[in-house]
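Let me begin by presenting the structure, written as structure tokens, before commenting on it.
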Amino acid sequence: MVLGHTRIATPPAYDVIVLGAGAAGMMAARVAHQRGRRVLLIDHNAEPGRKILISGGGRCNFTNLGTAPDRFLSANPHFAKSALGRYGPHDFIALVDAHGIAWHEKTLGQLFCDGSARQIVAMLIAECAGVDFAFGQPVRDVAHADGCFHVRHGSRTDVAPALVIATGGPAIPKLGATGFAYDLARKFGLKVVEPRPALVPLTLGGAEALFQSLSGVATEVVARAGKASFREAALFTHRGLSGPAILQTSSYWRHGESVAIDFVPDAGADWLTAAKRARPRSTVKAALAATLPTRLAEALAHRLGLAGDLANLPDHALSDAARRLKDWRFQPSGTEGFAKAEVTVGGISTDGLSSQTMMARKLPGLFAIGEAVDVTGWLGGYNFQWAWASGAAAGAAV
């Protein structure tokens, strides 16, 4: 508006614009609005919370009672402590309870809705009452000028002094996931830790392709990559290895490294020689089949090359076989990629962010939260808890 020769600037319609209507983005919008901020929530998808809807087999594994900073991967292992310490599992459980959503603990502290993941999305939408939504609106450009962020989306441009990047990572592109967050972060001077698929099946090739014939066979193992180890089920697939133990391990695995599997986690080092004394007419295959699925027992016995009765096999050969079964090395050829990954390792570097507020140190008003940031949780509700915690931290600071 112009009066004479004096220009009076029109104040922005919003205090904060949140990009991404997933778990982290909706939490940030909720907290900010409940503090009296005028909030616009934008998402290129036509509906919010698409990743929430498919999680936990459609029941949403919305948090984990065992949440602790050491269950998250990041170039800075201390970064997540502040947000997780201020908004923990019981804070989100209280919100779920307030909306009358029934839930249960499955295993290892994992909490699921008794009903549907849609209840969590509906809860978050209800909690965002008063927030302006712009769904099905691809962001065409983001600029920063005059202390404000100018976001062009659809056929309009909105302006706000604060911008929250909550568009996640490239995992599960069929849900609309992209690397948009990284491009935007780089544009505003933030560094990005190389993103790679996490919580993803591993592929096998070459000599290990033999194990692909075991597709559908699952058993409890201890899987190890680097210094990380997980005792859960492993599943053989037509492409390689999957199941919770493998998905967990995949977040720590790097190309060129091996993955170690303990197929007999409850057995001692001398269990095969003990079996020879107790059942000399038994075989290695039979001894394995006592605790492992038959098809897997047959494949492992074949690879060990120990045929015939235990009584006819020397103790040193049985001891070597027992050691190998407790430290069986696979050399994955790769992973099934972002298409099958549940989350992303890497992302916007925490070096440029405040762990208290999630705001960029060099550009006040710019925030990054959730999976877009270089913080990745274990399988089992940890990534949702990071989304709630980081979203709440940003929402409280905008």
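Among the numbered criteria (1) in contact with a Leu (Cβ under 6 Å, 6 or more places away or on another chain); (2) small (Gly, Ala, Ser); (3) in a loop (DSSP other than H, G, I, E, B), which one does Ala29 miss?
(3)
Quick check on my filter: what residues within region 303-317 are in contact (Cβ under 8 Å) with a residue 12 or more places away in the chain and out of contact with any Lys or Arg (no Cβ under 6 Å at 6 or more places or on another chain)?
First pass over region 303-317, keeping only residues in contact (Cβ under 8 Å) with a residue 12 or more places away in the chain: 303-304, 306-311, 313, 315.
The answer is Arg303, Leu304, Leu306, Ala307, Gly308, Ala311, Leu313, Asp315.
Restricting attention to region 233-254, does a residue exist that is farther than 29 Å from Gly337 by Cα, assigned to a strand (DSSP E or B) and of a type in the set (S, T, N, Q)? First the steps, then the outcome.
Restricting attention to region 233-254, the residues satisfying the condition of being farther than 29 Å from Gly337 by Cα are none.
No, region 233-254 contains no residue that is farther than 29 Å from Gly337 by Cα, assigned to a strand (DSSP E or B) and of a type in the set (S, T, N, Q).
Restricting to region 142-176, name every residue that is open to solvent by less than 60 Å² (accessible area, probe 1.4 Å), over 24 Å from the mean Cα position of the chain (by Cα) and not hydrophobic (A, V, I, L, M, F, W, C).
Let us first name the residues in region 142-176 that are open to solvent by less than 60 Å² (accessible area, probe 1.4 Å), namely 142-143, 145, 147-151, 153-154, 158-172, 175-176.
This time we only want the ones that are over 24 Å from the mean Cα position of the chain (by Cα), so: 142-143, 145, 147-151, 153-154, 158-162.
Within region 142-176, Gly147, His150, His153, Gly154, Asp158, Pro161 meet the criteria.
May I ask you to verify whether Gln137 is part of a loop (DSSP other than H, G, I, E, B), touching a strand residue (DSSP E or B) at 6+ places or on another chain (Cβ under 6 Å), under 19 Å from Ala29 (Cα atoms) and open to solvent by 40 Å² or more (accessible area, probe 1.4 Å)?
Numbers: part of a loop (DSSP other than H, G, I, E, B): yes; touching a strand residue (DSSP E or B) at 6+ places or on another chain (Cβ under 6 Å): yes; under 19 Å from Ala29 (Cα atoms): yes; open to solvent by 40 Å² or more (accessible area, probe 1.4 Å): yes.
For Gln137, the condition - part of a loop (DSSP other than H, G, I, E, B), touching a strand residue (DSSP E or B) at 6+ places or on another chain (Cβ under 6 Å), under 19 Å from Ala29 (Cα atoms) and open to solvent by 40 Å² or more (accessible area, probe 1.4 Å) - is met.
If you check every pair at least six apart or on different chains, which have Cβ atoms under 6 Å apart with a residue in region 100-123 that is assigned to a helix (DSSP H, G or I) first and a residue that is of a type outside the set (Phe, Trp, Tyr) second?
Here the result reads Gln119/Ile101; Gln119/Cys113; Ile120/Ile52; Ile120/Cys60; Val121/Gly49; Val121/Ile52; Met123/His99, each pair linking region 100-123 to a residue that is of a type outside the set (Phe, Trp, Tyr).
How about region 362-384: which of its residues are part of a strand (DSSP E or B) and β-branched (Val, Ile, Thr)? Give the steps one after another, and end with the answer.
Keep residues of region 362-384 that are part of a strand (DSSP E or B), which gives 366-368, 373, 376-377.
Correct list: Val373, Thr376.
If you check Leu184, Leu95, which single one turns out to be under 22 Å from Ser354 (Cα atoms) and either among the hydrophobic types (A, V, I, L, M, F, W, C) or assigned to a helix (DSSP H, G or I) (or both)? Steps first, answer last, please.
On the way: Leu95 fails: under 22 Å from Ser354 (Cα atoms).
After ruling out the rest, the residue left standing is Leu184.
The values are calculated or read from the model by the stated rules, or taken from the named source; none is laboratory data. Quantities reported herein were computed from a predicted structural model and do not represent experimental measurements. We place every Cβ from the backbone using ideal geometry, glycine too, and count neighbours over all the protein chains shown. Surface areas here come from the heavy atoms of the whole protein model, side chains and all, with no ligands, DNA or RNA. Shrake-Rupley method; radii C 1.70, N 1.55, O 1.52, S 1.80 Å.
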